């Protein structure tokens, strides 16, 4: 009688633990996306080379993340580091989880930094 109950309980416990691991990994990946967007946005606002901005974001982001760099708020030329008075937005996104029957999440983070003047 105990073996039948144990045969049902062990897979349930394993499934709950796996779900907790996937949720913890999603939390860590979200924090890494936030950090990557922040670092890359500051670099772009300083006027760093776009390849360096992407490299900084890729280094801090989770594996498989995509990075998008845009000039916003009237930045001259519309590109990263476009000019004083504008801003730079960096968005880092990644899909995490999805191991077998476990859920997957689309995570993303954005950071907007004012462009620094060249004084």
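None of the figures in this text is laboratory data; all of them are computed from the coordinates on show. Just so you know, these numbers come straight off a predicted model, no measurement behind them.
Below, the figures for the structure above:
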read-out	value
The chain: calculated mean residue ellipticity at 222 nm from DSSP helix runs of at least 4, using -39500 (n - 2.57)	-17000 deg cm²/dmol
Rel. contact order, % - alpha carbon contacts under 8 angstrom, at least six apart, the chain	27 percent
Cα-based helix-to-principal-axis angle, 50-60 vs the chain, degrees rounded to 10	30 degrees
